[in-house]
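The values are calculated or read from the model by the stated rules, or taken from the named source; none is laboratory data. Small disclaimer: the values here were computed from a predicted structure and weren't measured. Backbone-built Cβ (ideal geometry, glycine too); neighbour counts: all protein chains shown.
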Amino acid sequence: MSKDQIISAYEQAKKTFEKYGVNTDQALELLNQTPISMHCWQGDDVRGFESPETALSGGIQATGNHPGAAKTPDQLRADMEKAFSLIPGKKRVNLHAIYIDADEFVERDQIKPEHFDRWVQWAKKQGLGLDFNPTLFSHPKADDGLTLSHPNEEIRQFWIEHVKASRKISEYFGRELGTASFMNIWIPDGMKDQPVDRLSPRARLADSLDKALAEKIDPTFHKDAVESKLFGIGAEAYTVGSNEFYLAYAATRGTALCLDAGHFHPTEVISDKISAVSLYVNDLQLHVTRPVRWDSDHVVSFDDETQAIMREIVRNKLLDRVAIGLDFFDASINRIAAWVIGTRNAQKALLKALLEPVEALKTAEQAFDYTTRLGLIEEAHSLPWAAVWDYHCLQNEVPVGFDWINDVKDYEATILATR
């Protein structure tokens, strides 16, 4: 479509939404103000730059061998910049500790802010906020499948020091970039077969977390989050950091709680958990992903659950308390395309939620008029939200529709193919 056609379609859509009490200009303003934290690990299959010898472990798998994975921090940053140019709206970048950009090997309990300064300088130029994660996997001291819950005090202390060091890096991000960094703690700790003692590892994990998070850091710059998981490869029978453990920990310790869409039973969805946990936990972090049968971290789709997640945030007015991040890694397709598809889908779902006639729906519900509620919910799916999305892309000077694929294919032929 031409620019004039996109604008004309938007003006018509605007009038349609006005009939339902929805202001599209306000929806677009909120969309532009809401960042999506794009994860760096899609670009290199979760390998990182700590050491060429680092082997992926901890129940994490990136399947596929599409050419062009980033091999250096500069390559990864260039790939992310390409993705940014095709994605509208406000973005952040989520880094793991293994994405260190140092001139020499640094052990994880010794990492410092200066080892990530190149990331910070790049983020300043790009106008981005940065989030962070300590990396408690892909390391010899995680080979037993236990880290912060390990019975060996020396190993446990190593990981405590790594989390402490990571918090200082996260705080540095927040101070330098003027926006709080969410630092999410996920550990692979668990057992392949049924344990006899389920309590002791959890007691050790709680103690380790208390020690690692003991220093108070201004939440203006840094926020701690903890993330549960139901099971993983090599931890099929028992996970130390279960949902119940981390929900209780976040509620009693005042940390944020991270809900990952792939970390629950296939019949569970995090969209139903958002409002429940919001009563007890002030800050939430989301890892929006697409599990297929297990925590397989497929590229985010514009599916029912992604839309339901965004509706729960908007309907309950939680945008100022929820940090939306992505978590997937598909090595079977062009990695830049994966970022573009997944991030744009998350933004589309958020926009559609912002365009829902929430007040009319709540009015019907409060009047016990469930007929109107159901009818309006279903009709809202057909409202011309796509015209508003196209206008959003036009405003942000990124490709409208599927035109972005040509840029990705050209980048693959001229840049990725040379790696």
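Quick look at the numbers
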{"read-out": "Condition check for Phe368: at pLDDT below 95 and of a type in the set (A, V, I, L, M, F, W, C)", "value": "no"}
{"read-out": "Evaluation of Leu205 against (1) under 18 Å from Pro134 (Cα atoms); (2) touching a strand residue (DSSP E or B) at 6+ places or on another chain (Cβ under 6 Å) (one fails), failing number", "value": "(2)"}
{"read-out": "Residue in region 338-352 that is in contact with a Lys or Arg (Cβ under 8 Å, 6 or more places away or on another chain) and not in a helix (DSSP H, G or I) present", "value": "no"}
{"read-out": "So Phe84, is it among the aromatic types (Phe, Trp, Tyr), under 18 Å from the mean Cα position of the chain (by Cα) and under 20 Å from Ile341 (Cα atoms)", "value": "yes"}
{"read-out": "Filter pass, Ala346 being surrounded by 17 or more Cβ atoms within 10 Å (Cβ to Cβ), aliphatic (A, V, I, L, M) and within 24 Å of Ser382 (Cα to Cα)", "value": "yes"}
{"read-out": "Hits in region 117-140 (condition: outside any loop (DSSP other than H, G, I, E, B), under 23 Å from Gln157 (Cβ atoms) and modelled with pLDDT of 95 or more)", "value": "Phe132, Asn133"}
{"read-out": "Filter pass, Ala364 being of a type in the set (Gly, Ala, Ser), touching a Leu at 6+ places or on another chain (Cβ under 7 Å) and farther than 30 Å from Leu76 by Cβ", "value": "yes"}
{"read-out": "Single match in Leu199, Leu209 (criterion: over 22 Å from Lys125 (Cα atoms) and free of Cβ contacts under 8 Å to residues at least 24 places away in the same chain)", "value": "Leu199"}
{"read-out": "Qualifying residues in region 326-340 (those that are buried (at least 23 other Cβ atoms within 10 Å of the Cβ) and among the β-branched types (Val, Ile, Thr)) - the one nearest to Glu81 (Cα to Cα)", "value": "Ile336"}
{"read-out": "So Ile169, is it part of a helix (DSSP H, G or I), touching a residue at least 40 places away in the same chain (Cβ under 8 Å) and under 24 Å from the mean Cα position of the chain (by Cα)", "value": "yes"}
{"read-out": "Any hit, region 59-67, residues being β-branched (Val, Ile, Thr), surrounded by fewer than 16 Cβ atoms within 10 Å (Cβ to Cβ) and at pLDDT below 95", "value": "yes"}
{"read-out": "Close pairs from region 69-95: first on the phi > 0 side of the Ramachandran plot and in a loop (DSSP other than H, G, I, E, B), partner at pLDDT 95 or above and not acidic (Asp, Glu), Cβ under 8 Å, at least 6 apart", "value": "Gly89/Leu31; Gly89/Asn32; Gly89/Thr34; Gly89/Pro35; Gly89/Ile36; Gly89/Gln347; Gly89/His392; Gly89/Asn396"}
{"read-out": "Residue within region 392-405 that is at pLDDT 95 or above, closer than 27 Å to His287 by Cα, among the aromatic types (Phe, Trp, Tyr) and surrounded by fewer than 14 Cβ atoms within 10 Å (Cβ to Cβ) present", "value": "yes"}
{"read-out": "Top-ranked residue in region 237-262 [being in contact with a strand residue (DSSP E or B) (Cβ under 8 Å, 6 or more places away or on another chain) and not hydrophobic (A, V, I, L, M, F, W, C); ranked as farthest from Leu148 (Cα to Cα)]", "value": "Gly262"}
